[in-house]
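Data first, discussion second: the structure below is written as structure tokens.
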Amino acid sequence: MSHNKQVFSYKRDIEIKYETDILVVGGGPAGISAALAAARHGVSVRLIESHSALGGMGTAGMVPVFMTFSDGVNFLADGIGREILEALQDAGGSYPPDGMGIKAEVLKRVYDELLVFAGVDFTFHTQLVDVVMENGHVSKGVCAGKNGLFAIKAKVFIDGTGDGILAVMAGAPYEKGDEDGNMMPGTLCSLWAGIDWKKVRESGFGTGNSKIEEAFKDGVFTLEDRHLPGMWQVGETVGGGNIGHTFDMDGSDEVSLTEAYIWGRKSIPEYEKYYKDYLKGFENMELVATGSLMGVRETRRIIGDYILNIDDFKNLSVFVDEIGRYSYPVDIHIAKPDKESYEKFREEFTTLRLKKGESYGIPYRILTPKGVKNLLVSGRCVSTDRSMQASIRVMPGCYITGQAAGMAAALCVKGNTDTRGISIPQLQTQLKAMGAFLPNFHE
């Protein structure tokens, strides 16, 4: 049975509360690096974040570890990515002290301090609810804050939402999930205390699914989810859990997300029993918290002037408009909680990976959405096919595309041009001066 949707129209006057050169929507790793790159280039930048902290997945989402910054030879997420990692390490926020395990509360402070010092204006609890378009340009972002609706006027806009929210509001085309629209499951990450990490290492079982089949036979789990990314050490007795999946989730739909949060919290006791009863070193573990933000791996991919694709990964592609290079494997999490899906994941994850010292190029054109003149996308929603999104989506990849979007936006403002009017060699020169890894660009 179909139901007719009820619609209504209303009109009201909204205050233009702020004017800025660049508006960054979303304060995750991509938005943060974009804001820093732009502000340091001498333009005014405002960032809005709907949550209560900067950092997205690495803070509110409690993802316990950065994925690879390097190809084993070269530091690929160089520039702002290296700066953030070293700032976290210097602040005692990584584990081990020179490692990539994340202490989320420290990372929150590091991000706050970096943006404040760079002169970026930012507010939390600020949600983009609409945009105003004029002749193919975004002219204003309509926002909802604690005191109601207001607008922000900017010259250039950067989408750092991960879900492409701003770009979709501006009319940019997009794709979502596989050919049937199915997306990777999410994970509600968690924080645990009371872990004997010495015992864990000595057991030889690691932190993964070594005893999972036994637990299935014993009826510990509701779902036969063999894909267990695991538990990372983030303190002397503390572990960050990237454990469990929320299947059939659409991270761009609030109803689906609500169901996923409920299941994620409901399934945590099953994993607690598994770790305590089947793996050594976890016998006395205690749940401290679950993420206040769902770990979303995949939603929209905005279609830009170029779609980075799996052949570019395999061929180690080089681009004239290259703004960085990256190398993380194709990491598409299992579609369903069954053995067939897990085996497919294992085959892909072990074969679709690059060798030491290898990387693929990232062209500027994946940051420029079709049909919009003053908008750049960064982070998880850049223009790729599904396989490439599964590689570039992780935090170091977001730092790379974010800093390029921020620098490009600053050049747009200073040159009084749109996103396709800037000089690509000038962009590359500025990125290289920041430390970006651009071995194929020579001034």
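Some points to look at:
- Screening SER94 with (1) of a type in the set (Ser, Thr, Tyr); (2) under 30 Å from VAL238 (Cβ atoms); (3) in contact (Cβ under 8 Å) with a residue 24 or more places away in the chain gives one miss only, at (3).
- Of the numbered criteria (1) part of a helix (DSSP H, G or I); (2) of a type outside the set (Ser, Thr, Tyr); (3) touching a Gly at 6+ places or on another chain (Cβ under 9 Å); (4) at pLDDT 95 or above, the one GLY162 fails is (1).
- Against the test of being basic (Lys, Arg), assigned to a loop (DSSP other than H, G, I, E, B) and in the same structural domain as TRP197 (by TED's automatic domain parsing), the options LYS276, LYS280 yield a single qualifying residue, LYS280.
- For region 212-223, the set of residues classified as loosely packed, with under 15 Cβ neighbours inside 10 Å and in contact (Cβ under 8 Å) with a residue 60 or more places away in the chain consists of GLU214 only.
- Residue in region 26-38 that is assigned to a helix (DSSP H, G or I), assigned by TED's automatic domain parsing to the domain that holds ASP418, out of contact with any strand residue (DSSP E or B) (no Cβ under 9 Å at 6 or more places or on another chain) and not small (Gly, Ala, Ser) present: yes
- Residue check for THR258: of a type in the set (Ser, Thr, Tyr), modelled with pLDDT of 95 or more and in contact with a helix residue (DSSP H, G or I) (Cβ under 7 Å, 6 or more places away or on another chain): no
- Number of positions in region 184-205 that are touching a strand residue (DSSP E or B) at 6+ places or on another chain (Cβ under 7 Å), part of a loop (DSSP other than H, G, I, E, B) and of a type outside the set (Val, Ile, Thr): 4
- Candidates ARG109, ARG82, ARG46, filtered to the one that is touching a residue at least 60 places away in the same chain (Cβ under 8 Å), in a helix (DSSP H, G or I) and not small (Gly, Ala, Ser): ARG82
- Residue count for region 283-311, restricted to those that are assigned to a loop (DSSP other than H, G, I, E, B) and not β-branched (Val, Ile, Thr): 12
- Residue satisfying condition, being surrounded by fewer than 24 Cβ atoms within 10 Å (Cβ to Cβ) and among the hydroxyl-bearing types (Ser, Thr, Tyr), within set THR384, THR351: THR351
- Contacts under 7 angstrom Cβ, first residue in region 187-200 being without any contact (Cβ under 8 Å) to a residue 12 or more places away in the chain, partner basic (Lys, Arg) and outside any strand (DSSP E or B), 6 or more apart: none
- Within region 271-289, considering residues that are of a type outside the set (Gly, Ala, Ser), surrounded by fewer than 17 Cβ atoms within 10 Å (Cβ to Cβ) and at pLDDT 95 or above, the one nearest to THR161 (Cα to Cα): VAL288
Condition check ((1) among the hydroxyl-bearing types (Ser, Thr, Tyr); (2) outside any loop (DSSP other than H, G, I, E, B)) across all residues:
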| site | (1), (2) |
| --- | --- |
| TYR328 | yes, no |
| ALA335 | no, no |
| PHE345 | no, yes |
| PHE349 | no, yes |
| VAL372 | no, no |
| SER391 | yes, yes |
| GLY397 | no, yes |
| ALA405 | no, yes |
| LEU411 | no, yes |
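- Evaluation of ASN209 against the conditions (1) surrounded by fewer than 24 Cβ atoms within 10 Å (Cβ to Cβ); (2) in a helix (DSSP H, G or I) shows that the sole unmet condition is (2).
- Among the residues here, ASP112 does not qualify as over 19 Å from the mean Cα position of the chain (by Cα) and surrounded by fewer than 21 Cβ atoms within 10 Å (Cβ to Cβ).
- Unmet requirement for GLY55, which otherwise passes all of (1) on the phi > 0 side of the Ramachandran plot; (2) surrounded by 15 or more Cβ atoms within 10 Å (Cβ to Cβ); (3) in contact (Cβ under 8 Å) with a residue 60 or more places away in the chain: (3)
- Within region 118-147, considering residues that are over 18 Å from ALA30 (Cα atoms) and of a type in the set (A, V, I, L, M, F, W, C), the one surrounded by the most Cβ atoms within 10 Å (Cβ to Cβ): VAL138
- Residue within region 4-26 that is surrounded by 24 or more Cβ atoms within 10 Å (Cβ to Cβ) and either at pLDDT below 95 or of a type in the set (D, E, K, R) (or both) present: no
- LYS140 under 19 Å from LEU293 (Cα atoms), touching a residue at least 40 places away in the same chain (Cβ under 8 Å) and among the charged types (D, E, K, R): no
- Residue count, region 332-348 (criterion: surrounded by fewer than 17 Cβ atoms within 10 Å (Cβ to Cβ) and either of a type in the set (Lys, Arg) or in contact with a Cys (Cβ under 7 Å, 6 or more places away or on another chain) (or both)): 3
The values are calculated or read from the model by the stated rules, or taken from the named source; none is laboratory data. Small disclaimer: the values here were computed from a predicted structure and weren't measured. Using ideal geometry, Cβ is built from the backbone for each residue, glycine included, and neighbour counts are taken over all protein chains shown.
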